[in-house]
1. Is there any pair linking a residue in the range 352-375 that is over 30 Å from Y92 (Cα atoms) to one that is part of a strand (DSSP E or B), with Cβ under 6 Å and at least six apart or on different chains, and which?
2. When you look at S164, is it more than 19 Å from N398 (Cα to Cα) and surrounded by fewer than 24 Cβ atoms within 10 Å (Cβ to Cβ), yes or no?
3. Taking the condition of being on the phi > 0 side of the Ramachandran plot and out of contact with any helix residue (DSSP H, G or I) (no Cβ under 9 Å at 6 or more places or on another chain), how many residues in the range 495-530 meet it?
4. Being part of a helix (DSSP H, G or I) and crowded, with 17+ Cβ neighbours inside 10 Å is the filter here; which residues of the range 569-584 pass it?
5. Considering only residues that are over 29 Å from the mean Cα position of the chain (by Cα) and of a type in the set (V, I, T), look in the range 100-134 and name the one that is nearest to L165 (Cα to Cα).
6. Please work out which one of (1) closer than 30 Å to D147 by Cβ; (2) of a type in the set (G, A, S); (3) touching a strand residue (DSSP E or B) at 6+ places or on another chain (Cβ under 7 Å) is the condition S274 fails and give its number.
7. Given the criteria within 25 Å of the chain's Cα centre (by Cα), within 26 Å of Y126 (Cα to Cα) and among the β-branched types (V, I, T), does I167 qualify?
8. Determine which member of the set A478, A471, A532 is modelled with pLDDT under 95, touching a Phe, Trp or Tyr at 6+ places or on another chain (Cβ under 9 Å) and either not hydroxyl-bearing (S, T, Y) or not assigned by TED's automatic domain parsing to the domain that holds Y394 (or both).
Amino acid sequence: MIPPLLRRRRAPRRIALALVLLTTPALVRAADPPRLRRSESFLGIHFDFHAGPDCKEVGKNTTPAMVNRIIDLVKPDYLQIDCKGHPGYTSYPTKVGNPVPGFVGDPLRVWRQATARRGVALYTHYSGVYDQHAVEAHPDWAATHADGSKDANATTPFGPYANSLLIPQLRELAGAYGVDGVWIDGDCWSAVPDYGDAAARAFRAATGFTSLPKGPGDPAWRPFLDFHRDAYRDYLRRVVAGVKATNPGFQICSNWAFTDHMPEPVSAPVDFLSGDFSPQDSVNSARLSGRYLARQGIPWDLMAWSFTTIPSKTTTPGRNTKSAVQLQREAAVILALGGGFQAYFVQRRDGSVDLDRMPVMAEVAAFCRARQSLCHHAQAVPQIALLFSTPAHYHGVNQLFSRDNERLGGILAALLESRHSVEVLGEHHLAGRLDDYPLIVVPEWEYLAPSFIADLKGYVKRGGNLLLVGAESAALFADALDVKPDSATPWGIHLEHEGSITALPGTAPGFILGHRAKPFGTLHPTDTDRAASRPAGAIASSGKGKIAATFFPMGRAYNHEPNGKARAYLDALTRSLFTDPIAVVTGSPASEVDVHVATKQGRLLVNLVNASGPHRTEPVFDAIPPVGPLDVVLRVPARPARVTLEPSGVELPYRHESGHIRLSVPGVAVHEVIVVEPAK
């Protein structure tokens, strides 16, 4: 059967193409070793080079020996290679459209044959919504701006791009080449609102608005953005369905869909979730993205860049390649959360790979493999839930799937750097599970759905603990907290806590406390005027639980420049609500160790990730100072069978008393896991 989307082509071309797409390829033989599906894959390498019109000898240096050398060194579960980047040119000799000017042989065939012979899965990097060649050649495929101009990069879901190019090309990869799947880049994060005629007609029909909004503040603006978010979701579902109609085993991921870029329930039948976290400040990027992905309910991995876009000024002037230990730490953040890991290396302009960089990846791979049986698919033990609200996020951004997460990221970093085990969860993650979490933190959201506010108030009354950060969040729960906003002029933020004052950016309004609300900390108008003061926060009982708030923002400021005194204040407020965590880790500066509590196969896992050194500010470094010794207290009711430090397998002496075990960890180089084996 000829796919319906191909019927517009002339008959000879149509039949030939259909046969190419749907015939089982000879590239993959029945005798080849089995390949892991992405759901079971743990470790991969990503290569791309965004081929363009300058690429006239693609494949010249792509050989089976090159591919085999990569596999021999790294031993990955999968390789992920370039096939179409943002310029819109394919780096394989497509029969569907838009190849680069010149090839030497068929490089994709080389990759596929070599990986299939070794039992390594092969995925392709394919730029989706973002396609410069497509919109230049077909302006009617492009999204239209409010002024009538065409977007230079983004296609529109209301045009023929998906049916005319994207779906046929993915079918070609699956059918003619036997590729295992695709990692679609430049997709949700490239989508833009479309003012074209087809989109305008659909918007009016769907919403009843007669005119399109000019921008933020227009009554139709929020509905217009929501309409286009729905259009992207429909587009993604159409793409997946269109490919799987002919190639049901082909595995599809849309980069950053249903992640912190697009923080919402998974609503398209993609096979796995993934994204490439920031090449700079990568630890903080991985901390947030990994924690959101971990509860989305389908397989996931994250990608580190093996280089930065800001050359080093200290290690070696001009160097931008990361060291093995730097990538190991970035991997550790993800492994601790139960996810898979991949790293990105650039292909040359002819599509070949610089094998000199592969020994670095081999070191990283060995580090990861040593932790695979411990960590992969482990599940977090509920401790602290940091709310990433879907409606609040979309209520506050003026793009479709933008990523303004600085406030959330700053609060997460402050909590992690106080050694709390934290998950980042949306409303859909918490639905029916609020009571599983001893503490829920609401980080500076200005809006929450009224029904969810009611759910959180009920959670507190049943015995839960709620921490609100910032005046806006506090105002949403003013009645439960027993406070009222003060009409007096907001002050600059000069926080007094434990006898010292620290200044923070921004301003803070005042709140009047009722009889149930007890002040927590003090704000002054300046760092010298201690006579004038307001409460910095408050804590109150509500039913069987407690609710607390800070009246000043700190997330964005902490994200840019961590303030130890502000962190200590937030930690003190957190521990006044959450008094009995599973793991308490002391020793060394608090900010140097991330703690994440998980479980796998009945064993308790306490992940310790070394977060020391200048990972926020230095793009490249060659060493990470070890941390320790660390004193650890774990809430373990029954005496365990044994306690070890993994992956070294060293048995840890401990004392068990009053439902807790006490032990010491000599040091953490990058990532160690305390494994508590339950008694038989």
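The values are calculated or read from the model by the stated rules, or taken from the named source; none is laboratory data. Computed from a predicted model, the values in this text were never measured in an experiment. So basically every Cβ, Gly included, is an ideal-geometry build from the backbone, and we count neighbours across all protein chains shown.
1. Qualifying pairs under 6 Å: C368/L43; C368/F341; L374/E646; L374/V673.
2. Against the criterion (more than 19 Å from N398 (Cα to Cα) and surrounded by fewer than 24 Cβ atoms within 10 Å (Cβ to Cβ)), S164 qualifies.
3. Taking the range 495-530 as the starting set, the residues that turn out to be on the phi > 0 side of the Ramachandran plot are 498-499, 506, 521.
Imposing the further condition that a residue be out of contact with any helix residue (DSSP H, G or I) (no Cβ under 9 Å at 6 or more places or on another chain) reduces the set to 499.
The number of residues fulfilling the criteria is 1.
4. At the first step, the residues of the range 569-584 found to be part of a helix (DSSP H, G or I) are 569-577.
Of everything in the range 569-584, those that are part of a helix (DSSP H, G or I) and crowded, with 17+ Cβ neighbours inside 10 Å turn out to be Y569, L570, D571, L573, T574, L577.
5. Here the answer is V100.
6. Of (1) closer than 30 Å to D147 by Cβ; (2) of a type in the set (G, A, S); (3) touching a strand residue (DSSP E or B) at 6+ places or on another chain (Cβ under 7 Å), only one is false for S274: (1).
7. Considered against the rule, which asks whether it is within 25 Å of the chain's Cα centre (by Cα), within 26 Å of Y126 (Cα to Cα) and among the β-branched types (V, I, T), I167 comes out as no.
8. Only one candidate qualifies: A532.
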